[in-house]
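Encoded as C-alpha cells, the structure appears first; notes follow it.
Every read-out reported here was derived from the displayed coordinates using simple, explicitly stated rules and does not represent laboratory data. Since we're looking at a predicted model, the values are computed, not measured. Ideal geometry is used to build each Cβ from the backbone, glycine not excepted, and the neighbour counts take in all protein chains shown.
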Amino acid sequence: MIDIKNKIKIIKNNAIIASKTLGLLSNYIYPGINLLLLDKIAKEYIMDNKGYPAFLGLYNYPYSICTSLNNEVAHGLPRDINLKDGDIITIDCGVFKNKYYSDIAYTFPVGNISKKNIKLLLFTKKSLYIGIYSCKIGKHIGNIGYNINKYISYKNLYVVKDLYGHGIGKKLHENPIIPNYGNKLSGDIIKNGMTLSIEPMVNIGSSKIILSRDKWTFKTINNKNSAHYEHNIAIINNKVKILSTFKYIK
C-alpha cells in the first residue's frame with residue numbers, strides 16, 4: 001500500500017531541489033555560456049543536495065539535464081557550444097532521491113529575443129497553468145490537453161502531439177499519459193493522490209517534430225522555434241497543488 005501523503009512530501013522535496021537547480025542555472029543563461037558548463041553546474045548542485053540527477057543514466061542518457069535550443073523541442077543534449085544573443089533554451093531537470101522522482105522544465109530567453117519568441121514563451125507558459133487548473137476531481141485526463149490545445153490554437157501556435165506529460169512517482173514516467181491535445185472526455189478519471197507532470201510543448205508553424213541523428217533530440221520539422229514548460233503537481237483533498245516552482249528563476 002502506497003503512503004500517498006509521504007509520496008507527495010518526497011516528490012515535493014525533490015521538485016524543490018529541481019526548482020532551485022533551475023534557479024541557479026538562470027544566473028548563467030547569457031550569451032557565451034557553454035552548454036556543458038550548465039550541465040556540470042546542475043549535476044554538482046543536485047548531488048550537493050544529496051539527490052541524483054534523474055536523467056543521468058536513465059535509458060542510457062549521458063547527461064544530467066536536457067538542453068533544447070531554439071528549434072529543439074525536447075531531450076536536447078548538452079554539448080560544446082555557447083549560447084548566443086537571441087537564442088531560447090529549454091532546460092529540463094529532474095531529481096531522484098528517497099526512491100522518488102521529480103521532473104520540471106523551463107524555457108529561458110538568452111539576451112534580447114524577438115517579439116515572436118517573447119510571445120511563444122509567454123503563451124506556452126500560460127498554457128501550462130491552464131492545463132494545471134484543468135485538473136479537477138472527476139474530470140478526465142483528456143480535459144487537460146483539450147484546454148491547453150484550445151488556448152494554444154487560439155494564439156496561432158501548435159502543440160506537439162508526439163510527446164506527452166505523464167504520471168510521476170517511483171518511476172520518472174508513469175501512467176497516465178497526458179497528451180497536450182485531444183478529447184476532454186478521454187483518458188483516466190482524475191482522482192485524489194495522483195502525482196502528475198504537466199508539460200505543454202509548443203511550436204511555431206507546425207506541430208510536427210523529427211528525431212535528430214543523435215537519437216535523443218527532437219526538433220521541429222520546419223526548423224522554427226519551440227518552447228516547453230513543466231510542473232509537478234498533486235491532487236490533494238480535491239484540489240490541485242503545484243509541487244515545483246519557478247520562483248527561484250531570475
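What to note about this one:
- Cα gyration tensor category, rounded, prolate or oblate, for the stretch 115-250 with a/c compared to 1.5: prolate
- Only the Cβ atoms of Lys and Arg (+1) and of Asp and Glu (-1) were treated as charged; on that basis the dipole of the stretch 153-198 about its Cα centre amounts to roughly 80 debye.
- Inter-part distance where the stretch 125-198 and the stretch 211-243 are each reduced to a Cα centre, Å: 11
- Net charge in the neighbourhood of residue 142 (other residues with Cβ under 14 Å of its Cβ; Lys, Arg +1, Asp, Glu -1) is +4.
- Size of electric dipole in the stretch 1-122: Cβ of Lys, Arg +1 and of Asp, Glu -1, about Cα centre, debye, nearest 20: 460
- Using a Förster distance of 30 Å, the FRET efficiency for residue 250-residue 116 (Cβ separation, nearest 0.05): 0.80
- Value of relative contact order over the stretch 1-156, rounded to a whole percent, pairs C-alpha under 8 Å and six or more apart: 22
- Evaluated at q = 0.09, 0.15 Å⁻¹, the base-10 log of the normalised Debye intensity for the chain, with identical point scatterers placed on the Cα atoms, takes the values -0.35, -1.02.
- Cα shape, the stretch 31-160, gyration tensor, a/c 1.5 rule: oblate
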